[in-house]
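Just below is one structure, and these are the notes that go with it.
The values are calculated or read from the model by the stated rules, or taken from the named source; none is laboratory data. Predicted model, so just to flag it, every value in this text is computed and none were measured. For neighbour counting, all protein chains shown are included, and Cβ atoms are generated from backbone atoms with ideal geometry for every residue, glycine included. Side chains are part of the model used for accessible areas, which takes the heavy atoms of the whole protein and leaves out ligands, DNA and RNA. Shrake-Rupley method; radii C 1.70, N 1.55, O 1.52, S 1.80 Å.
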Amino acid sequence: MRLANMDQQPNPPVPLKVDSLSRSFGGVSAVSQVSFTLCAGERLAILGPNGAGKSTLFNLICGDLVADSGQVYLRGQDVTALALHHRVRRGLARTYQTSSVFADLTVQEHLYLARRGPVPGRLSLWPNSRGRTQIAQATLGIAAQVGLQNQMHTKSNQLSHGELRQLEVAMALATNPHIILLDEPAAGLSPSEREHLTGLLVGLDSSVALVLVEHDMNVALTVADRVLVLESGRLIAAGKPAEIEANPVVRAVYLGEQHGQQQLQQTTSKAMNGTNR
């Protein structure tokens, strides 16, 4: 009989755990008792119609908003009371729905700043030259991961919308994260840009876990290993992409939203036709 190895190391803590997270605004519940766990290297998509609470949930996880109740754990540590920059130093990175970059800085300069930001002593008047060299070398590898290695000296105001999204992913990677939260990364992209971004996300190193909030189900279901669905701030479904796609509750939620959009488009069209007469 083989004896158990008493020196065996325990399993590392999961990158992210959300426990009964809730937040209300003026009596309206935006996120209500949401719980889930993100495994190492997992690609998790969070879906839901407009107003479901997806971005609010992201803001609670990263610390942009304070939760009314519940906890957020990063690698086993309760970070619920910590500010955003402390969570970044513990391996959390995110992107936002709207591109946020400096117009006159190059791709290389953006990545250098993103890499330098979480490093202790980043505000030193006399930065270590060896450290600068190491960061500069790392930025080229990060740019290559997102296909911007030939744009290192291009200013961000000269990049296409799709390339700006690539830059934002690269900036998140530059912080050396364990988890990246991607908030509507495909928003505003053309079909070809969406296809390119999807391939980029699928090809990212599995050492980094991803949580993806995305309104485009095709992008989300292609990237994700597992899917959560929110509706009115509550978690209504969870499963693999194929299970979510076939889930009648999820289909009803999305069909209901699409029906509402069609009605709005028809009403707007009638109003415009009446005005033009």
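At a glance:
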| read-out | value |
| --- | --- |
| Under-5 Å amide H pairs with Ile46, H placed in peptide plane, nonlocal only | Leu212, Val213, Glu214, Leu228 |
| Sites Ser22 and Val202, calculated FRET efficiency, Cβ-Cβ separation with R0 41 Å, nearest 0.05 | 0.80 |
| Rg(Cα)/(2.2 N^0.38 Å) for the stretch 166-221, N = residue count | 1.07 |
| The stretch 131-210: Cα Rg divided by the 2.2 N^0.38 Å rule of thumb | 1.08 |
| Label point distance in nm, Asp68-Glu243, each placed 7 Å from Cα along Cα→Cβ | 2.9 |
| Derived scalar couplings ³J(HN,Hα) [the stretch 223-235; Karplus, 6.51 cos²θ - 1.76 cosθ + 1.60; whole Hz; x for Gly, Pro] | 7, 7, 8, 9, 10, 10, 10, 9, 8, 6, x, 10, 7 |
| Solvent accessible area, Å² - Leu212, 1.4 Å probe, full protein context | 10 |
| Distance (nanometres) between label positions extended 7 Å along Cα→Cβ at Ile236 and Ala138 | 4.3 |
| Three semi-axes of the equivalent ellipsoid, the stretch 1-111, Cα gyration tensor, whole Å, largest first | 30, 23, 13 |
| HN-Hα J in Hz across the stretch 29-37 - Karplus 6.51, -1.76, 1.60, θ = phi - 60°, x for Gly and Pro | 7, 8, 9, 10, 6, 8, 9, 6, 10 |
| The stretch 51-111 shape via C-alpha gyration tensor axes, a/c threshold 1.5 | oblate |
